[in-house]
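Colleague: Take a look at this one; I'll ask things after.
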Amino acid sequence: MKKIISLLLLLLLAFSALSLTSCHGRHALDPFTLPERFDTEKPIEITFWAKNDTNISQVNVYKKAIEDFSAIYPNITVNMKLYTDYGKIYNDVITNIATDTTPNVCITYPDHIATYMLGENIVVPLGDIMNDEKYGLGGSEVKFDAVTRDEIVPSFLNECIVNEDYYALPFMRSTEACYINKDFVNSLGYDTIPEVITWDFIFEVSEKAVSLGKKTVKNEKGEDVEVFVANEQEVLLPFIYKSTDNMMIQMLKQKGADYSNENGDILIFNEETEDILFSIAEKVDKKAFSTFKISGYPANFLNSGQCIFAIDSTAGATWMGSEAPLIDIPEERLLSFETVVRPVPQFDTENPQMISQGPSMCIFNKADNQEVLASWLFMQFLLTDGVQISYSQTEGYVPVTTRAQSSDVYRDYLSRSGEDNDLYYNVKLEATNLLLDNIDNTFVTPVFSNSASLRNAAGQMIEEVTKNRRRNKTVDEKFMDNLYREMNSLYKLNIVRTGYQDDLGKLPSGAVTLIIILCAVWCATVTYFVWLYLKKRKQCKTKP
């Protein structure tokens, strides 16, 4: 029996070591300390995970930036990995944290960074580094014309604060815009389109278009059914929203309703949210609204004349309109029309509120502080005028530095609308100027460890309501109660949060197994000693 107990204890210790290794994944790193000097003789390799929208022009900007940087710091080799989706970058980073194989520099969002920070010393805080005299922003030892902290747009920089420190630098900024088929609106009897449109205006026009576009056709069973058409060939979807999470967030903000707060409290499940969802259900009933996830990419419907109002990022302007440089539909489906650009719809036109979005950059901690410093230098280089202006010209992005925005090169670029459709596409420049004119009207939501999940839940509620009404399923108070419970469960939003180190939900399966084995071993041990005690007691009683 003693041998069995000893064997069980040894197995317990071995399993504990393996489980702890698998649960924590990586050895703990010390906080990053900025070295006294950068070693320009030491060969250093860093990895850069970047995102592009299948736009070769963006890839070329990255490649040139790496080439120019390497000419300044020949001892630093930058290896780039390209993604077409921020979600895939996020998932890969989470996976690689466990194996200590995170990239050095990563294009990302503060929402994602807040989750990365659940691991100790994973992401490098930048507050002190930014202010370092030698290697900080515009530091004396930086070997290129780096921007200073004062030359980064303050509101964009403040968006990178997570848990009271800077954990990122902004790279590009965009907002959302409403791309409108002006000819279609005019044909419905509206001579002008307001400079700031309202939700009521969009739905009024959309419902009118639907009412005039009804047509009875035979279905596969030979039955008469009513459809809504833009022309003789195409089904009409007058209003399509690309990002329903942004739609919900902006509608709540415009109404002054709760979403979340700086403490990470989830406040979205309220009466205002319910009112918005019931209103959307009504518009879906009238065939006036759909979403990207349900129907498809708004630009494709807009460009084929099937959509009147398409809401998407200003960064997506190069896909919008019949003259767009980037078009994803066959030429025979393309419809010629005039495209105008407006801010997202508002409830209060005197107090417009629109979301600020666009990629930021973070650096990951490594055991070699020279490697981290090299990463920081490269990240600074991505803020130089050449990179900022070149990348912003690929789509409807805005540079994040006042120096680039006020440069003669950039001002000249903005003034040349329509001269060259590839570079100076008028819709792209309209979208860019829309953000430049409304920087003070933009906002961001609080960032905390589960803020990315909350954002997903915000959009998913709109998707669920839209999907159910398109299927003629009931959307009532009971549906809303169930919907709130489902979102709470699916995205773990019912966790009480008091800060960033919060309850992460269920234990990993390895940890659960470890606890079960530990309990079993202790039970066996206690049982053995009880048996041993009773045996000795019995022997004592039988002795004369």
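The values are calculated or read from the model by the stated rules, or taken from the named source; none is laboratory data. Please read all numbers here as calculations on a predicted model, not as lab measurements. Cβ placement follows ideal geometry from the backbone for every residue including glycine, while neighbour counts extend to all protein chains displayed.
Colleague: Assuming Ile389 fulfils every condition listed in (1) assigned to a helix (DSSP H, G or I); (2) at pLDDT below 95 apart from one, which condition is it?
Modeller: It fails just one condition, (2).
Colleague: Being surrounded by fewer than 19 Cβ atoms within 10 Å (Cβ to Cβ) and either among the aromatic types (Phe, Trp, Tyr) or in contact with an Asp or Glu (Cβ under 7 Å, 6 or more places away or on another chain) (or both) is the filter here; which residues of the range 347-356 pass it?
Modeller: Let us first name the residues in the range 347-356 that are surrounded by fewer than 19 Cβ atoms within 10 Å (Cβ to Cβ), namely 347-352.
Scanning the range 347-356 gives a single hit, Phe347.
Colleague: Mind listing whichever residues of the range 215-250 are at pLDDT 95 or above and among the polar types (S, T, N, Q)? Write out each step before concluding.
Modeller: Step one: of the range 215-250, the residues at pLDDT 95 or above are 238-250.
Within the range 215-250, Ser243, Thr244, Asn246, Gln250 qualify.
Colleague: Considering the range 166-214 alone, what residues qualify as being over 30 Å from Val153 (Cβ atoms), touching a residue at least 60 places away in the same chain (Cβ under 8 Å) and small (Gly, Ala, Ser)?
Modeller: Ser206, Ala209
Colleague: Are any of the residues in the range 113-122 of a type outside the set (D, E, K, R), touching a Phe, Trp or Tyr at 6+ places or on another chain (Cβ under 7 Å) and closer than 15 Å to Val372 by Cβ? Write out each step before concluding.
Modeller: From the range 113-122, those of a type outside the set (D, E, K, R) are 113-119, 121-122; that's our starting set.
Going one step further and asking which of them are touching a Phe, Trp or Tyr at 6+ places or on another chain (Cβ under 7 Å), we end up with 113-114, 117, 122.
Applying the additional criterion that residues be closer than 15 Å to Val372 by Cβ yields 122.
Yes, the conditions are met somewhere in the range 113-122.
Colleague: Another question, if that's okay. Under 7 Å by Cβ, and 6 or more places apart or on different chains, what pairs join a residue from the range 323-336 that is over 23 Å from Ser417 (Cα atoms) with one that is outside any loop (DSSP other than H, G, I, E, B)?
Modeller: Ile329/Asn300; Ile329/Asn303
Colleague: Just the residues that are part of a strand (DSSP E or B) and either more than 16 Å from Thr339 (Cβ to Cβ) or not assigned by TED's automatic domain parsing to the domain that holds Lys242 (or both), please, taken from the range 180-199.
Modeller: Selection gives Thr198 alone.
Colleague: A further question on this structure: With respect to the numbered conditions (1) surrounded by fewer than 16 Cβ atoms within 10 Å (Cβ to Cβ); (2) closer than 27 Å to Thr244 by Cα, which one is the sole condition not fulfilled by Ile113?
Modeller: Checking Ile113 against (1) surrounded by fewer than 16 Cβ atoms within 10 Å (Cβ to Cβ); (2) closer than 27 Å to Thr244 by Cα, the one that fails is (1).
Colleague: Another question, then. Give Thr108, Thr47 a once-over and let me know the one that is touching a strand residue (DSSP E or B) at 6+ places or on another chain (Cβ under 6 Å), crowded, with 16+ Cβ neighbours inside 10 Å and in contact (Cβ under 8 Å) with a residue 60 or more places away in the chain.
Modeller: On the way: Thr47 fails: in contact (Cβ under 8 Å) with a residue 60 or more places away in the chain.
After applying the criteria, what remains is Thr108.
Colleague: Could I ask something else about it? Considering each of Leu157, Leu212, Leu137 in turn, give the residue that is surrounded by fewer than 16 Cβ atoms within 10 Å (Cβ to Cβ), on the phi < 0 side of the Ramachandran plot and among the aliphatic types (A, V, I, L, M). Break it down stepwise before answering.
Modeller: Working: Leu157 fails: surrounded by fewer than 16 Cβ atoms within 10 Å (Cβ to Cβ); Leu137 fails: surrounded by fewer than 16 Cβ atoms within 10 Å (Cβ to Cβ).
Leu212 is the lone residue from the list that is surrounded by fewer than 16 Cβ atoms within 10 Å (Cβ to Cβ), on the phi < 0 side of the Ramachandran plot and among the aliphatic types (A, V, I, L, M).
Colleague: For residues that are among the hydroxyl-bearing types (Ser, Thr, Tyr) and either outside the structural domain of Phe32 (by TED's automatic domain parsing) or outside any loop (DSSP other than H, G, I, E, B) (or both), scanning just the range 357-386, find the one that is surrounded by the fewest Cβ atoms within 10 Å (Cβ to Cβ). Spell out how you get there, then give the answer.
Modeller: Within the range 357-386, the subset among the hydroxyl-bearing types (Ser, Thr, Tyr) is 360, 375, 384.
Restricting the remaining residues to those that are either outside the structural domain of Phe32 (by TED's automatic domain parsing) or outside any loop (DSSP other than H, G, I, E, B) (or both) gives 360, 375.
Working: Ser360: 23, Ser375: 27.
Among those residues, the one meeting the criterion is Ser360.
For every residue, the table says whether it meets (1) within 25 Å of Leu454 (Cα to Cα); (2) hydrophobic (A, V, I, L, M, F, W, C); (3) in a loop (DSSP other than H, G, I, E, B).
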{"site": "Lys88", "(1), (2), (3)": "yes, no, no"}
{"site": "Thr99", "(1), (2), (3)": "no, no, yes"}
{"site": "Pro103", "(1), (2), (3)": "no, no, yes"}
{"site": "Glu120", "(1), (2), (3)": "yes, no, yes"}
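Colleague: Kindly evaluate Gly499 against the criterion of being at pLDDT below 70 and either over 21 Å from the mean Cα position of the chain (by Cα) or not aliphatic (A, V, I, L, M) (or both). Can you show your working first?
Modeller: On the way: at pLDDT below 70: yes; either over 21 Å from the mean Cα position of the chain (by Cα) or not aliphatic (A, V, I, L, M) (or both): yes.
Spelling it out, Gly499 is indeed at pLDDT below 70 and either over 21 Å from the mean Cα position of the chain (by Cα) or not aliphatic (A, V, I, L, M) (or both).
Colleague: Checking the conditions here, which among Asp245, Asp312 is assigned by TED's automatic domain parsing to the domain that holds Phe203, surrounded by 16 or more Cβ atoms within 10 Å (Cβ to Cβ) and in a strand (DSSP E or B)? Explain how you work it out, then say what you get.
Modeller: Numbers: Asp245 fails: in a strand (DSSP E or B).
When all the criteria are applied, what remains is Asp312.
Colleague: While we're here: Would you confirm whether or not the range 180-196 contains a residue that is touching a strand residue (DSSP E or B) at 6+ places or on another chain (Cβ under 7 Å), more than 28 Å from Asn52 (Cα to Cα) and among the hydrophobic types (A, V, I, L, M, F, W, C)?
Modeller: Within the range 180-196, one or more residues are touching a strand residue (DSSP E or B) at 6+ places or on another chain (Cβ under 7 Å), more than 28 Å from Asn52 (Cα to Cα) and among the hydrophobic types (A, V, I, L, M, F, W, C).
Colleague: May I pose another question? Looking only at the range 82-139, which residues are hydrophobic (A, V, I, L, M, F, W, C), under 22 Å from the mean Cα position of the chain (by Cα) and over 19 Å from Lys366 (Cβ atoms)?
Modeller: Correct list: Leu82, Ala114.
Colleague: Being closer than 26 Å to Asp440 by Cβ and in contact with a Ser or Thr (Cβ under 9 Å, 6 or more places away or on another chain) is the filter here, so list the residues in the range 363-385 that pass it.
Modeller: Keep residues of the range 363-385 that are closer than 26 Å to Asp440 by Cβ, which gives 382-385.
Passing the criteria: Leu383, Thr384, Asp385.
Colleague: Determine which member of the set Ala431, Ala458 is part of a helix (DSSP H, G or I), closer than 23 Å to Gln58 by Cβ and in contact (Cβ under 8 Å) with a residue 60 or more places away in the chain. Reasoning before the result, please.
Modeller: Details: Ala458 fails: closer than 23 Å to Gln58 by Cβ.
Of Ala431, Ala458, the one residue that is part of a helix (DSSP H, G or I), closer than 23 Å to Gln58 by Cβ and in contact (Cβ under 8 Å) with a residue 60 or more places away in the chain is Ala431.
Colleague: Another question about this same structure. Hey, can you tell me all the residues within the range 253-293 that are within 30 Å of Leu236 (Cβ to Cβ), buried (at least 17 other Cβ atoms within 10 Å of the Cβ) and among the hydrophobic types (A, V, I, L, M, F, W, C)?
Modeller: Hits for the range 253-293 are Ile276, Leu277, Ile280, Ala281, Val284, Ala288, Phe289, Phe292.
Colleague: If you scan the range 253-284, which residues turn out to be of a type outside the set (Val, Ile, Thr), touching a residue at least 60 places away in the same chain (Cβ under 8 Å) and part of a helix (DSSP H, G or I)? Lay out the reasoning, then the answer.
Modeller: The initial filter retains those residues of the range 253-284 that are of a type outside the set (Val, Ile, Thr), namely 253-265, 267, 269-272, 274-275, 277-279, 281-283.
From what is left, the residues that are touching a residue at least 60 places away in the same chain (Cβ under 8 Å) are 253-255, 259-265, 269, 274, 277-278, 281, 283.
Lys253, Gln254, Lys255, Glu274, Leu277, Phe278, Ala281, Lys283, listed by residue number.
Colleague: Here's a follow-up. Does the range 193-200 contain at least one residue that is surrounded by fewer than 16 Cβ atoms within 10 Å (Cβ to Cβ) and among the aromatic types (Phe, Trp, Tyr)?
Modeller: No, because not a single residue in the range 193-200 is surrounded by fewer than 16 Cβ atoms within 10 Å (Cβ to Cβ) and among the aromatic types (Phe, Trp, Tyr).
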